[in-house]
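Report on one structure; see the data block that follows.
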Amino acid sequence: MNKLIAYMALPALLFASCTKAPELDEVEAGFAERGALPEVSIDPSSVVVDEYAQTLTVNVSFKGVSADMDSLELGLLSAEDAGFVESYASLLETPEDGTYTMSVHVTAGITNYVKAMAATTDGAVYSDRITVSVPDIPWYYKVAGEYVGTFGPDANFAGSGATPFENHVVKVEVADDFSTVTLYDLDPFIKNSLADDYVSGEMNYVTGTLDLEARTITFPSNGSAGTTVGVPGYEIVPISSYSEDGYGLASAFVCTFSEDASELYLPWYGVLDLQENLLSYVYSEDGITLSAN
């Protein structure tokens, strides 16, 4: 089980006090009240890295585990910073003494830091930290399963009272041969318009051709620049300009990934109501930037 954990670093606070400092035996007695913690070690020689799966596997040993340890967790942590301010964690389902082969997420193309840990309500202990340089991989192996961002209106629609769709999540599926990409739950206006009739995965999606060199997805056109999204009555259309005569359409709907696939850029586009032959919503003229979720 992998999960992302964020730790908050708190500054140490100094308090002035007129009370007598505790004696050594009082301090030791305070420590004695806390329960024992397991011993934790990690075997650096057993490290195996799969940069394509972005996982690290290593042997981790725990000793001194007891059934009466409160809220015991044994696990493996990885982070992109040596201080583990934000880290991924892989936890043992059944915490017991022994040596385990554990895997945790690592990020390709950078230095990662890894350590094992044991934690109870009485505190936490850690193994030595190991440093691993994970080889880089082509950007298209880094494409995330979800991207999230705000879909705001362009100046014209904002002036008419249109409000943004915040924290909208687009699901991404890349073909095994990297030839195509499908974006699910693509448009927030369409999703909101259908309300209870909306079925994720069965509508509001489009498959485009992936250009590995340009890092782009080009959506198919129906001949008039519009792209169907599996929802009767709606199309999405790329926009190139706006004047007093209305909107000018671009020749193709093209999305672009950042170099490390951490972001996905959507172009200036609008939602076309086919029955009314009107644009129901037009998004920002600067395009939309979505971040890997």
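Points to keep in mind about this one:
- Among the residues of the stretch 94-134, those identified as β-branched (Val, Ile, Thr) and not in a loop (DSSP other than H, G, I, E, B) are THR99, THR101, VAL104, THR111, VAL114, THR120, VAL125, ILE130, THR131, VAL132.
- Elements of type strands (runs of 3 or more DSSP E) contained in the stretch 9-93, each with 3 or more residues being small (Gly, Ala, Ser), over 22 Å from the mean Cα position of the chain (by Cα) and at pLDDT 95 or above: 39-50
- Single match in VAL114, VAL125, VAL143, VAL132 (criterion: closer than 25 Å to TYR269 by Cα and of a type in the set (A, V, I, L, M, F, W, C)): VAL143
- Within the stretch 244-293, the set of residues being within 28 Å of the chain's Cα centre (by Cα), of a type outside the set (Asp, Glu) and not in a strand (DSSP E or B) comprises SER258, ALA261, SER262, PRO267, TRP268, SER284, GLY287, ASN293.
- Contact map, the stretch 250-265: first residue among the aromatic types (Phe, Trp, Tyr), second residue modelled with pLDDT of 95 or more and part of a loop (DSSP other than H, G, I, E, B), Cβ cut-off under 9 Å, separation 6 or more or different chains; pairs are PHE253/PRO267; PHE257/VAL143; PHE257/ARG215; TYR265/SER258; TYR265/GLY287.
- Applying the criterion of being among the small types (Gly, Ala, Ser) and open to solvent by less than 30 Å² (accessible area, probe 1.4 Å) to the residues of the stretch 113-146, the residue that is nearest to the chain's Cα centre (by Cα) is ALA144.
- The condition (being closer than 30 Å to LYS115 by Cα and among the basic types (Lys, Arg)) is satisfied by just one residue among LYS142, LYS191, LYS171: LYS142.
- Residue count for the stretch 262-281, restricted to those that are out of contact with any helix residue (DSSP H, G or I) (no Cβ under 9 Å at 6 or more places or on another chain) and either within 28 Å of GLY145 (Cβ to Cβ) or among the β-branched types (Val, Ile, Thr) (or both): 8
- When GLY201, GLY233 are checked against the criterion of being closer than 12 Å to LEU186 by Cβ, modelled with pLDDT under 95 and of a type outside the set (A, V, I, L, M), a single residue qualifies: GLY201.
- SER221 meets each of the listed conditions (1) open to solvent by 40 Å² or more (accessible area, probe 1.4 Å); (2) out of contact with any Ser or Thr (no Cβ under 7 Å at 6 or more places or on another chain); (3) assigned to a loop (DSSP other than H, G, I, E, B) apart from (2).
- When LEU186, LEU212 are screened for being within 26 Å of ASP260 (Cβ to Cβ) and either in contact (Cβ under 8 Å) with a residue 60 or more places away in the chain or in contact with a helix residue (DSSP H, G or I) (Cβ under 6 Å, 6 or more places away or on another chain) (or both), only LEU212 passes.
- Scan of the stretch 191-209 for residues that are aliphatic (A, V, I, L, M), open to solvent by less than 50 Å² (accessible area, probe 1.4 Å) and farther than 22 Å from THR256 by Cβ, ordered by number: LEU194, MET203
- Annotation note: of ASP176, ASP185, the sole residue that is open to solvent by less than 30 Å² (accessible area, probe 1.4 Å), charged (D, E, K, R) and modelled with pLDDT of 95 or more is ASP185.
The values are calculated or read from the model by the stated rules, or taken from the named source; none is laboratory data. None of these values were measured; they are calculated from a predicted model. For neighbour counting, all protein chains shown are included, and Cβ atoms are generated from backbone atoms with ideal geometry for every residue, glycine included. Surface areas here come from the heavy atoms of the whole protein model, side chains and all, with no ligands, DNA or RNA. Shrake-Rupley method; radii C 1.70, N 1.55, O 1.52, S 1.80 Å.
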